[in-house]
1. How many residues are touching a residue at least 24 places away in the same chain (Cβ under 8 Å) and within 14 Å of the chain's Cα centre (by Cα) if we restrict to the range 62-87?
2. Kindly check whether there is at least one residue in the range 235-250 that is at pLDDT below 80 and farther than 18 Å from I46 by Cα.
3. Among the numbered conditions (1) surrounded by 12 or more Cβ atoms within 10 Å (Cβ to Cβ); (2) modelled with pLDDT of 80 or more; (3) not in a helix (DSSP H, G or I), tell me where E126 comes up short.
4. In the range 39-85, what count of residues is obtained for those that are aliphatic (A, V, I, L, M), under 24 Å from K194 (Cβ atoms) and in contact with an Asp or Glu (Cβ under 8 Å, 6 or more places away or on another chain)?
5. Can you name every residue in the range 172-200 that is closer than 17 Å to S63 by Cα and not aliphatic (A, V, I, L, M)?
6. From the list L75, L91, which residue is touching a Gly at 6+ places or on another chain (Cβ under 8 Å), closer than 18 Å to F175 by Cβ and either of a type outside the set (G, A, S) or modelled with pLDDT of 90 or more (or both)?
7. Considering only the range 77-89, state which residues are crowded, with 20+ Cβ neighbours inside 10 Å and either in contact with a Pro (Cβ under 9 Å, 6 or more places away or on another chain) or at positive phi (or both).
8. Go through (1) over 17 Å from W215 (Cβ atoms); (2) touching a helix residue (DSSP H, G or I) at 6+ places or on another chain (Cβ under 6 Å) and name the single condition A24 misses.
Amino acid sequence: MSLVLPSSPILRRMSGVFQAARAAFFNPNYGWRTTHFWGPVANWGIALAGVYDMTQKDASVISVPMTSTLAMYSLAFMRFAWRVSPRNYILFACHIFNEGVQLTQLYRRHQFDRAQEKQQNPVVPENAIKSAFCASVVATGLFVPKLQRYVLSRTWIPEKTKKLLNHPAGPFTIFFWAPTMKWALSIANLIDYKRPVDKLSIPQQFALAITGVIWTRWSFVITPVNYNLAAVNAALAATGMYHIMRKTVYDPFAPQ
């Protein structure tokens, strides 16, 4: 009695996918020995930190400005991962996953606040100005690229200015706006500079700090080279390390 195997086209496709993945993993230009691999892998730390907080922490620790910013940040970097050279599927998958995690966290916080209101013991809401500021930084990047055709068609704009505006990483591309949106993460972290340490997520801050350090390097090996991305990741690493220091070493805002 002969053994009947699954459809051979399916097996061939699975074999092809495995071989392609293996070749990509060991590729000397963007494989596991390069920041093209470790930069996106480090980014998974943000998503996994969100999963940890979602399963291990109370919803009261969720920072609405930071979580909202992370959700919008992932939307922008899905596009960035698809357009950058070399195209980065690890980063793309990471941000799809992180989008779901952050939206779930926002839903948990919303449900928590509603439950507190029903118990007539309302929690002091996050400062609306903080959330609005972070949201405005993010939202700007979603619409400005649509102006490109109109602006570049204006005859009164100098050619040098048009050349700058039409740069591969200029203000009408995702390579400008994704890093610019990422500044909202650093700003959100700075907004929380006095947040009680018992409300801080150390896994999240550690992931932000490590990601910032690795991505600062990665910004110089991608095409196009992105100085804006390097600067924002250096700032993100600094703010993450600041909060880790507050939690583990010394908190200058601790009540005496």
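1. Applying the first criterion (touching a residue at least 24 places away in the same chain (Cβ under 8 Å)) to the range 62-87 yields 62-77, 79-81, 83-86.
Then drop every residue that is not within 14 Å of the chain's Cα centre (by Cα), which leaves 65-77, 79-81.
So the count comes out to 16.
2. yes
3. Condition not satisfied by E126: (2).
4. Matching residues across the range 39-85 total 5.
5. If the condition is that a residue be closer than 17 Å to S63 by Cα and not aliphatic (A, V, I, L, M), then K182, W183, S186, N189, D192, Y193, K194, R195, P196, D198, K199 are the ones that fit.
6. Values: L75 fails: touching a Gly at 6+ places or on another chain (Cβ under 8 Å).
Unique residue meeting the criteria: L91.
7. Listed by number, the residues that qualify are F80, A81, V84, N88.
8. All conditions are met except number (2).
The values are calculated or read from the model by the stated rules, or taken from the named source; none is laboratory data. Worth saying up front: this structure is predicted, and the values here are computed from it rather than measured. Cβ sites come from the backbone with ideal geometry, for glycine too, and all protein chains shown count toward neighbours.
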